Amino acid sequence: MGNKKKLIIVSIFLVSNFLLYAQTLSAVFDKYSEKKEFRYVSISKDMINLASLFGKEDAGNSQMLSRIDGMKVLTLKAPRKSPTAHGFFVDIEKAITSENPFETLMEARDNGVFTRVLNRQTKNNKTDVVIVSKSDSVQHFIWLNGTISAQELQNMIKK
Amino acid sequence: MKEIDVLLEKYENCELSLQEEADLKRRLLELSGNEYTLYKQLFNAYAELNKSDVPAAHVHNNIVSKLRVHTPISKRRIFQYAYLSVAASIVLAVGFFGLTQQKEAFVIEQGVRYDDMEKAVGCADEAITEAIAPLRSSMQSLQPIKGLEGSLKPSYVATTIKDSSYKVRDDSMLKSRN
């Protein structure tokens with residue numbers, strides 16, 4: 001095989017590897033974002049900053065919001081045991097246990113709602129935080145990316 | 001870079017004067033070993049050309065096609081193109097990644113997209129509030145535990161912090177305990 005071909009194959013491999021790193025979670029959002037049963041929300045960094053400017057959040061929360069690079073939310077209004085929800089949770093589980101898996105920060109069950117908060121460190125000291133919430137009527141999958149500490153998350157939840 | 005390489009590069013770019021070309025030819029023919037063999041052949045072929053009836057274009061094409069495949073300079077060019085293609089792929093990938101990170105806030109509901117920041121923020125807020133509700137209530141139920149640490153301390157330790165006048169008494173209490 002010629003050197004040129006080898007170089008091209010290696011470069012394609014490197015580039016695809018670079019893209020795949022961020023794709024596992026994105027793949028879940030891409031798959032379900034346009035399905036009719038789901039509601040998909042995407043807010044970019046600049047828009048989060050704008051929202052925090054106009055919102056009523058206190059200084060601590062605004063500071064944390066300014067360090068979020070993006071937020072995506074998938075909501076399914078269907079019972080937890082429905083086939084759609086089952087497939088959805090299987091895909092989420094695959095995404096959060098794939099390469100560079102997440103660690104569970106907190107989990108709680110109250111009034112039939114079960115919530116898990118997980119995080120992982122990504123490149124450039126960024127953090128991926130996901131919140132998976134299951135209930136009998138509505139399911140949520142939330143993904144926040146930015147420089148968010150566990151303490152800040154805890155404070156956000158308390159307020 | 002050797003002087004001969006400089007001359008060859010200039011030769012490739014048609015920048016040589018007649019004097020320099022003669023110099024290059026002389027240097028190449030003086031070289032021993034297999035170095036620059038094809039260039040030697042090229043210059044020999046051009047020298048032969050003056051003596052035979054072979055068309056000049058035929059000789060030129062024949063030699064140049066060999067040069068393109070085998071000579072170090074041609075190899076260098078192939079590598080340059082390969083590196084360029086790698087660089088182009090990386091630029092494309094980064095560009096693609098950059099494009100996907102658009103500045104926007106939107107909601108897709110029932111397959112319909114709404115580019116509405118207020119709606120997007122409202123929906124996200126609603127989802128987060130619903131999702132973290134069990135965590136919030138769990139944390140609230142843990143609040144009383146915060147004061148528990150102080151309550152569990154023996155009274156003589158707790159009082160020493162508040163008032164130095166008690167310290168003497170506390171110390172005596174400690175001594176008497178010991």
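If you check every pair at least six apart or on different chains, which have Cβ atoms under 9 Å apart with a residue in segment B:111-130 that is at positive phi first and a residue that is surrounded by fewer than 19 Cβ atoms within 10 Å (Cβ to Cβ) and among the basic types (Lys, Arg) second?
B:Gly111/A:Lys35; B:Gly111/A:Lys36
Return the residue satisfying two criteria in turn: it lies in segment B:82-118 and is facing chain A (nearest Cβ under 7 Å) and part of a strand (DSSP E or B), and of such residues it is modelled with the lowest pLDDT.
In this case the residue turns out to be B:Ala105.
Considering (1) more than 13 Å from chain B (Cβ to nearest Cβ); (2) in a strand (DSSP E or B), say which one A:Phe114 fails and leave the rest.
With (1) more than 13 Å from chain B (Cβ to nearest Cβ); (2) in a strand (DSSP E or B) applied to A:Phe114, the lone miss is (1).
Which members of segment A:90-111 meet the condition of being away from chain B (no Cβ under 14 Å) and part of a helix (DSSP H, G or I)? Please lay out each step first, then the result.
From segment A:90-111, those away from chain B (no Cβ under 14 Å) are A:90-91, A:93-103; that's our starting set.
A:Val90, A:Asp91, A:Glu93, A:Lys94, A:Ala95, A:Ile96 - these are the residues of segment A:90-111 that are away from chain B (no Cβ under 14 Å) and part of a helix (DSSP H, G or I).
The values are calculated or read from the model by the stated rules, or taken from the named source; none is laboratory data. As the structure is a computational prediction, the values presented were derived from the model and not from experiment. Positions of Cβ are backbone-derived with ideal geometry, glycine not excepted, and every protein chain shown enters the neighbour counts.
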